[in-house]
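To start, the structure itself, in structure tokens.
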Amino acid sequence: MNSDYDPQRIARSVQDFWQENQSFKAAEDPTREKFYCLCMFPYPSGRLHMGHVRNYTLGDAIARYQRMLGKNVLQPMGWDAFGLPAENAAIKHGIPPSQWTRTNIADMKAQLQQLGFGYDWERELATCDPNYYRWEQWLFTRLMERGLAYRATALVNWDPVDQTVLANEQVIDGKGWRSGAAIEKREIEQWSVRITAYAEELLTALDQLDGWPEQVRTMQRNWIGRSEGVYMEFGIENRPDSLGIYTTRPDTLMGVTYIAVAAEHPLARELAVNDTELAAFIAECRQGGVSEAELETLDKRGYPLGLNAIHPITNEPVPIYAANFVLINYGTGAVMAVPAHDQRDWEFAQRYDLPKKQVIFSTDGSPCAIDHAAYVDKGILRHSGQFDELTSQHAFIAIAEWLIQHGKGEVRVNYRLRDWGVSRQRYWGCPLPVIHTANNEVRAATPAELPVILPEAVTVDGSGSPLKKMPEFWSLPNGERRETDTFDTFFESSWYYARYCCPDCDTAMLDERAHYWLPVDQYIGGIEHAVLHLLYARFFHRLLRDEGLVPGNEPFTRLLTQGMVVAETWYRELPDGQKQWFNPADVSVTRDDKGRLIQAVLTADDQPVQFGGIEKMSKSKNNGVDPQRLTERYGADTVRLYTLFTAPPEQSLEWNDEGVEGAARFLKRVWQLAVTHHEVIMNADQQVPFDAVMINARRELHLILKKANFDYERHQFNTVVSGCMSLVNILQKLEFTQPSAPRLLREGMSILLRLLAPITPHLSHYLWQELQFGADILQSSWPQVDDSALIQDRITYTVQVNGKLRGHIEMPIDATAADIETAALNQDAIRRHTDGKTVRKVILVPSKLLNIVVS
């Protein structure tokens, strides 16, 4: 063996072995227990970042561990390839989005392979390939037939520069996330899918997802937002129509002082025809997004409609306002305003000097005044007529019953969740399989008309979707035309996990192989996907289930959400107030012996820079680390080891270059241990009995193994690595004057390499072969604890005299307290501190310590 550790040479050799032996090719085998391990697939941006590396290293370590347990493992990889960023890049670089995307896929695939991830590349898919998206088009036509996909006018976020609908998450401070343009509210024809039809099932099934983090389940519960409330009708003075209201707080009904409707409410729009000021207010309200979060921060404004609603119980008139804080798409688009008991209503009433009628008071007499804010707690009713002195809970029932008896309301279950708007007015996406007929109706594309293929040789100039300007795409015989909207990219990412099971199937969306592999046993990805992607995937799985395509109700049995990768940031203040950010690799930092910052200068000019805090690695703060540069310098195994050792998976990983150096040094120690004792390990006599010293060392070794096995099951790879470091320390201290030391060294190296194999697969595989343990460490069995090695027949006691350490003694495990005391007092090292003195007390801590008190 070479004395120098050459990680690049080793990686090339090992990866060639994997390629030649198709080590990660997965095949269905009903006789073996399967394990489907999946990381959220990446958007092909062209470069891996450390977030990618951490995510995929976690997944690969889990997959390799399960493979060594003897399971039939599937670990695939693909590309979330559609999306607006590709269009933006196409505009910038003057190339078609397809060219930019496929070039990036090739680059990122090479980077993933360089890191040694064990993917079955024969199952690789890209969502921009027609043989993938044709099947979601087919499913959409089935949803249209089942009434689960429909076209309707909806209020949306519209980016006037990018000329497309944006999701709420793509609107930042009222502006488009890419263009920076002020977002408008628009009513346009949108295609939606009825996720609300599955709302109750999606909610209740969360209780069975015990392999998911509770934080994620809570976020989904809140997003679905089930509530029980009362729907009621407020009449309108001098009009035959009425206003429908839904509230979860009917106990506050007697405190209503005005009604607020959305600016887009039909009543407001009707009156705006003859009221230019109202029309101007409605137009103003169209600026900005349509998310609840954004409306919460708005300065509450309104316009009186000049009409009164009629209170359903008291018949008193209540003024109606159009208000900017009411969403037309939530509830009925109208709310009963109780400023004494709702903060938004209170702020609006404060601005327009409207009355605040308090009807809920604390049950224990604690302060509940409404002078400075609404009192939002539940309590006891007053100023509520026949409902006075009822608690909020009892008033809910009593008021609901009164409304039901008088035909003015009913109890309803409502959900915050809204149907999923899936159409986008962009080009680089999957075309909707919808045909507009000559008489302005719509129909689903027939199976013979699928797939609707997106033309790829297209120039994108940023002036809206080029599909609208391409009659060769949309024009059909008999006056029909294709839909030019494309799917929201969440549509592709909601079912890719299932297509991996049978990516070569060309006769159906999925085949029987999906029943073997699904559900995914372990899913790994960032918590930022907790709601939308994971909720949509759960919904999609149910759609596939109801088509008979997949088993069970859930796509992912266990979910691991890894923390972010964060790093220091450094900057200089520019004359215009902007900040210029510098990469940490270009900054020289001086610290004191306690690690506190003394000085930081830019290496290029030796001038000071300012510390900007520790933040998520990003291009905007220029604090990213190039994984490829690290791999080329240290080797893939060092990068993998560092990302798994530095922090538990769920916590943020704070980048530290010295830590990378430390990881590299550890792997060199493992290499040197193998090189130095190469012949000893290979030729160790396995029949030599262990002597007492080796028995103790072997016990330590198997205690480490027991802890590591426990930690692997919990995905606590950082403590696994710590155990491996301790194991190396034990093996390096072995004295080969003892006959059984070579045997223990061989056993220890066998355990060490297998524990490291999922984390540092190249080095582990190479040394496994060099030390002649076998041809392929992946095919070896996982190391098992020898329980007999853990049996302890002797115990080492620390001996103190008057609390000070004076020596150690080794005693049989069944030694009595008197035996231990006698042995200690007869030891020369102890006798020097007790001779001529009186033993006043002897304190024994079982299995640990003996303290002799003398005077």
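Descriptive notes on the structure:
- Residues (more than 19 Å from Tyr231 (Cα to Cα) and not charged (D, E, K, R)) located in the stretch 241-265: Ala263
- Leading residue by the ranking (modelled with the highest pLDDT) among those in the stretch 416-434 that are assigned to a strand (DSSP E or B) and under 12 Å from Arg151 (Cα atoms): Val434
- Pairs, first under 14 Å from Ala684 (Cα atoms) and assigned by TED's automatic domain parsing to the domain that holds Glu700 in the stretch 720-744, second surrounded by 17 or more Cβ atoms within 10 Å (Cβ to Cβ) and basic (Lys, Arg), C-beta under 8 Å, six or more apart: Leu744/Arg698
- Within the set Ser475, Ser465, Ser493, the sole residue that is surrounded by fewer than 14 Cβ atoms within 10 Å (Cβ to Cβ) and among the small types (Gly, Ala, Ser) turns out to be Ser475.
- Residue match in the stretch 48-68 (condition: surrounded by fewer than 19 Cβ atoms within 10 Å (Cβ to Cβ) and at pLDDT 95 or above): no
- For the stretch 338-362, a residue qualifies if it is within 19 Å of Phe396 (Cβ to Cβ) and in contact with a helix residue (DSSP H, G or I) (Cβ under 9 Å, 6 or more places away or on another chain), and the qualifying residues are Val338, Ala340, His341, Asp342, Lys357, Gln358, Val359, Ile360.
- Residue check, Thr489 closer than 30 Å to Glu554 by Cβ and of a type in the set (Val, Ile, Thr): yes
- Qualifying residue in the stretch 835-845 (condition: surrounded by 13 or more Cβ atoms within 10 Å (Cβ to Cβ), within 56 Å of the chain's Cα centre (by Cα) and not assigned by TED's automatic domain parsing to the domain that holds Asn709): yes
- Among the conditions (1) in a loop (DSSP other than H, G, I, E, B); (2) in contact with a Leu (Cβ under 8 Å, 6 or more places away or on another chain), the only one that Glu410 does not satisfy is (1).
- Evaluating Glu456 against the criteria (1) touching a Leu at 6+ places or on another chain (Cβ under 9 Å); (2) under 19 Å from Trp100 (Cα atoms); (3) of a type outside the set (S, T, N, Q) leaves one unmet condition, (1).
- Test for Gly180: is it in contact with a helix residue (DSSP H, G or I) (Cβ under 7 Å, 6 or more places away or on another chain), at positive phi, not hydroxyl-bearing (Ser, Thr, Tyr) and not assigned by TED's automatic domain parsing to the domain that holds Asp546: no
- Residues of the stretch 618-648 satisfying the condition of being touching a residue at least 24 places away in the same chain (Cβ under 8 Å) and either among the polar types (S, T, N, Q) or in the same structural domain as Arg54 (by TED's automatic domain parsing) (or both): Ser620, Asn622, Asn623, Gln628, Thr631, Thr638, Thr643, Thr646
- The residue that is nearest to Pro339 (Cα to Cα), counting only those in the stretch 356-380 that are touching a Gly at 6+ places or on another chain (Cβ under 9 Å) and outside any loop (DSSP other than H, G, I, E, B), is Ile360.
- Test: residue in the stretch 655-677 that is closer than 25 Å to Asn729 by Cα, assigned to a loop (DSSP other than H, G, I, E, B) and under 25 Å from the mean Cα position of the chain (by Cα): yes
- Within the stretch 187-229, considering residues that are more than 26 Å from the chain's Cα centre (by Cα) and surrounded by 16 or more Cβ atoms within 10 Å (Cβ to Cβ), the one farthest from Tyr523 (Cα to Cα): Gly229
- In the stretch 510-564, the residues that are at pLDDT below 95 and among the hydrophobic types (A, V, I, L, M, F, W, C): Ile527, Ala530, Val531, Leu532, Met564
- Filtered by the rule that a residue be loosely packed, with under 15 Cβ neighbours inside 10 Å and acidic (Asp, Glu), the stretch 786-825 gives Asp787, Asp793, Glu810, Asp814, Asp819.
- Count - residues of the stretch 395-412 that are under 17 Å from Ser227 (Cα atoms) and without any contact (Cβ under 8 Å) to a residue 40 or more places away in the chain: 1
- Pairs, first touching a residue at least 12 places away in the same chain (Cβ under 8 Å) in the stretch 707-719, second among the aliphatic types (A, V, I, L, M) and part of a helix (DSSP H, G or I), C-beta under 7 Å, six or more apart: Ala708/Val720; Ala708/Leu755; Asp711/Val720; Tyr712/Val720; His715/Ile62; Phe717/Ala61; Phe717/Leu644; Asn718/Leu644
- Among the residues of the stretch 470-498, the ones that are out of contact with any Pro (no Cβ under 6 Å at 6 or more places or on another chain), within 30 Å of Leu518 (Cα to Cα) and assigned to a strand (DSSP E or B) come to 1 in all.
- Tally of residues being closer than 30 Å to Ile10 by Cα and in contact with a strand residue (DSSP E or B) (Cβ under 6 Å, 6 or more places away or on another chain) across the stretch 108-165: 2
- Cβ-Cβ under 7 Å pairs, at least 6 apart or on other chains, the stretch 434-461 side assigned by TED's automatic domain parsing to the domain that holds Ser179, far side part of a loop (DSSP other than H, G, I, E, B) and polar (S, T, N, Q): Arg443/Thr437
- Selection within the stretch 66-111 - in a helix (DSSP H, G or I) and among the acidic types (Asp, Glu): Glu87, Asp107
- Pairs where the first residue, in the stretch 215-229, is among the acidic types (Asp, Glu) and the second is at pLDDT 95 or above and part of a loop (DSSP other than H, G, I, E, B), C-beta under 9 Å, 6+ apart: Glu228/Thr248
Conditions tested, residue by residue: (1) farther than 30 Å from Thr631 by Cβ; (2) surrounded by 19 or more Cβ atoms within 10 Å (Cβ to Cβ).
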| residue | (1), (2) |
| --- | --- |
| Asn656 | no, no |
| Glu661 | no, no |
| Val680 | yes, no |
| Val688 | yes, no |
| Met694 | yes, yes |
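- In the stretch 565-611, residue modelled with the lowest pLDDT [restricted to those that are assigned to a loop (DSSP other than H, G, I, E, B), exposed (fewer than 11 other Cβ atoms within 10 Å of the Cβ) and among the aliphatic types (A, V, I, L, M)]: Leu574
- Checked against the criterion of being farther than 13 Å from Asp251 by Cβ, among the small types (Gly, Ala, Ser), surrounded by 13 or more Cβ atoms within 10 Å (Cβ to Cβ) and assigned by TED's automatic domain parsing to the domain that holds Arg249, the candidates Ser384, Ser362, Ser366, Ser392 yield just one match: Ser362.
- Only one entry of Leu454, Leu467 meets the criterion of being part of a loop (DSSP other than H, G, I, E, B), of a type in the set (A, V, I, L, M), touching a strand residue (DSSP E or B) at 6+ places or on another chain (Cβ under 8 Å) and under 20 Å from Val165 (Cα atoms), and that entry is Leu454.
The values are calculated or read from the model by the stated rules, or taken from the named source; none is laboratory data. Please read all numbers here as calculations on a predicted model, not as lab measurements. Positions of Cβ are backbone-derived with ideal geometry, glycine not excepted, and every protein chain shown enters the neighbour counts.
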